[in-house]
Amino acid sequence: MSVLIIAEHDNATLKPATLHVVTAAQKIGGGIHILVAGQGVDGAAAAAAKVAGVAKVLKADHAAYANQLAENVAKLIVALAPNYSHVLAAATVNGKNIMPRAAALLDVQQISEISAVESPDTFVRPTYAGNALATVQSSDKIKLITVRATAFDIAPAEGGSAAIESAAAAGDAGLSKFIGQEVQKTERPELTSARVVVSGGRGMQSGDNFKLLEAVADKLNAAVGASRAAVDAGFVPNDYQVGQTGKIVAPELYIAVGISGAIQHLAGMKDSKVIVAINKDEDAPIFQVADYGLVADLFQAVPELTQALEKK
Amino acid sequence: MKVLVAVKRVVDANVKVRVKSDGTGVETQNVKMSMNPFCEIAVEEAVRLKEAGKATEIVAVSLGGASCAETIRTALAMGADRGIHVQTDVELQPLAVAKLLKAVVDKEQPGLCILGKQAIDDDSNQTGQMLSALLGWPQATYASKLVINGDNTANVTREVDGGLETIQVKTPFVMTTDLRLNEPRYASLPNIMKAKKKPIEALTPEALGVDPAPRLKTLKVVEPSKRSAGVKVKSAAELVDKLRNEAKVI
């Protein structure tokens, strides 16, 4: 058995999501190789080589992979996959975009977003917004899997000394090209790896009012998230969305402000270690999962919270 | 340009699903079913393309048991022109769905296929990517904006981790919808009546030459462990005190 992990990276650094996938790979067993496909990826490849438990890093450095276009990266995965029993990627937007394309080309039924490894061919995955956990067994020769990062511990980023080999590029499929991106520059930690997350819902009433949450987030070095209702209402961009069809988070502390707690939102945050809910409706379902609940008007309670955090 | 839209019948988003006591799946008997929300966005986008003169015909396809015809009717009431129902009672997994849709695409030759990014029942998030792979077409997933260019290309803005990204794809291509692409319309009563007269063609996996047998075997389905409610605090100050001294998370 041997596992190939498709690295999540920004060419210079390896994203923490990949370290969680390494832990999932260790539960499957066998040698672990990491594929770093991109352009100018020396930094990310060097970081991957240092991860404890990794035997080899495959570096595919080519303009075709610069923007992670699925058509090109999937082609590369298809070329490499026959050498492995399992191919894993984090269930990030990138992983979800690329892996099914590779799976179909290999005639494999991918297993999406696993939360546990039962054996090398049997895995647990959440369905119905996490309300039903399915144990599934794959009969495919190669298993293609995306991994829910929050369900697996983070592997040590240091301690390994894997060899770095160049992988032959599989070329540009010529089907799509990258035009540009609008990525928000922020000093805050990433939503999916932050230790503390402060999220707002429909109760925030406007995008402007998210400044109240940013003030709390500043005090706690937290990421700011949102419910689907807040995204739907246009308060904040979609990449803030925590939930079934947004991001899955499991921070040490999750503070839900003005969020009622629809099952679709709970699906994205209920594995957080400590949950705080601030809502004026004492019957809001969010209180049923919150460790600490504050029934209050958020426009009064949140500034008070910021103040209270200032006092040591 | 002909547009093909795939629509899936799922347990309604507002239903609290219950796991069957024998652990074989979730209860779907006597439960409200609806079109998957991301498929509604897909139909809406196709209808808007037609209204803008970019699409000539919209074909709505659904796969599964007899009741999927209702989901196709919903798409027809929203503005699709005709339906195709691939009838089967076999449990369909994403790879099989992609193969069946490919067979329909080979027959219909659309210039664009629009699918939801994810179905809210199995949460797989695979079918659109798989369909484009099998067709050898480009894929534009998690779309929040679509612009059809005149030169057999389209620009699609995608929702990615950290923000937005725009790619250009050659037509024909497969697009999957994200939340902000549009806000689906409600079908009006006259359109619901009109939809009853629109044709739905029935096909089978056998007729399409596809083996839909599932590759993943579901061994069991269980409910996740429940989180219990904690305590209510009276003030922000008390909350901070608890977080510092009891939970010790800040």
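Data table
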| read-out | value |
| --- | --- |
| Interchain or long-range residues, amide H under 5 Å from residue A:2's placed H | A:85, A:86 |
| For chain A, built as a Gaussian network whose Cα springs stay under 10 Å, the top-fluctuating residue of A:191, A:88, A:220 | A:220 |
| Accessible heavy-atom area order of B:204, B:157, highest first, probe of 1.4 Å | B:204, B:157 |
| Under 15 Å from the residue A:195 label point (7 Å along Cα→beta-carbon), backbone N, the range A:263-287 | A:273-274 |
| For the range A:29-92: rounded, prolate or oblate by the Cα gyration tensor [a/c cutoff 1.5] | oblate |
| Relative contact order [Cα under 8 Å, 6+ residues apart], chain A, whole percent | 15 percent |
| Beta bridges by DSSP in the range A:2-166, antiparallel share as percent, to the nearest 5 | 30 percent |
| Exercise: per-residue mean of other protein chain Cβ atoms within 10 Å, A:139-147 | 1 |
| Residue B:197 versus residue B:229: modelled label distance in nm, points set 7 Å from Cα along the beta carbon direction | 5.4 nm |
| Average silhouette area of the range A:2-166, convex hull of alpha-carbon atoms, in square nanometres | 8.3 nm² |
| Cα point-scatterer Debye curve for chain B, base-10 log of I(q)/I(0) at q = 0.12 Å⁻¹ | -0.73 |
| Proximal aspartates and glutamates relative to residue B:196, as straight alpha-carbon distance under 15 Å, when same-chain residues fewer than 8 apart are discounted | B:70, B:81 |
| Gained length - residue A:42 relative to residue A:297, 0.36 nm times residue gap less alpha-carbon distance | 86.7 nm |
| Value of relative contact order over chain B, rounded to a whole percent, pairs C-alpha under 8 Å and six or more apart | 23 percent |
| Heavy-atom accessible area order for A:42, A:140, largest first, 1.4 Å probe | A:42, A:140 |
| Relative contact order of the range B:141-230, pairs being alpha-carbon contacts under 8 Å that are 6 or more residues apart, as % | 21 percent |
| Exposure rule at most 12 other beta-carbon atoms within 10 Å, DSSP loop GluC sites (Glu not before Pro): chain A longest free segment | A:1-157 |
| Distribution of pairwise C-alpha distances over the range B:162-250, 10 Å bins, in % | 9, 13, 17, 27, 17, 12, 6 |
| For the range A:191-310, the fraction of alpha-carbon pairs in successive 5 Å shells from zero, as % | 2, 14, 26, 28, 22, 8, 1 |
| Descending semi-axes in whole angstrom, ellipsoid equivalent of the protein assembly as shown, from the Cα gyration tensor | 36, 30, 23 |
| Net charge of Cβ neighbours under 12 Å - reference residue B:134; Lys, Arg +1; Asp, Glu -1 | +1 |
| Degrees separating the helix B:68-78 axis from the principal Cα axis of chain B, which is the longest one | 80 degrees |
| Part-to-part distance (alpha-carbon centres) for the range B:110-125 and the range B:1-54, which is given in Å | 9 Å |
| FRET efficiency for residue A:282 and residue A:50, using Cβ-Cβ distance with R0 set to 35 Å, rounded to 0.05 | 0.10 |
| Segment residue B:48-residue B:153, extension gain: residue separation times 0.36 nm, minus the distance between their alpha carbons | 36.0 nm |
| Greater than 21 Å apart at Cα, pairs in A:211/B:145; A:96/A:247; A:96/B:2 | A:211/B:145; A:96/B:2 |
| Area of residue A:263 that stays accessible when all protein chains are in place (1.4 Å probe, Å², to 10) | 40 Å² |
| Angle in degrees between helix B:94-108 and the longest Cα principal axis of chain B, rounded to the nearest 10 | 20 degrees |
| Approximate shape of chain A as ellipsoid semi-axes (Cα gyration tensor, √5λ), whole Å, largest first | 37, 21, 18 |
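The values are calculated or read from the model by the stated rules, or taken from the named source; none is laboratory data. Here the structure is a predicted model, which is why all the values come from computation and not from measurement. For neighbour counting, all protein chains shown are included, and Cβ atoms are generated from backbone atoms with ideal geometry for every residue, glycine included. Calculation scope for accessible area: heavy atoms of the full protein, side chains included, ligands and nucleic acids excluded. Shrake-Rupley method; radii C 1.70, N 1.55, O 1.52, S 1.80 Å.
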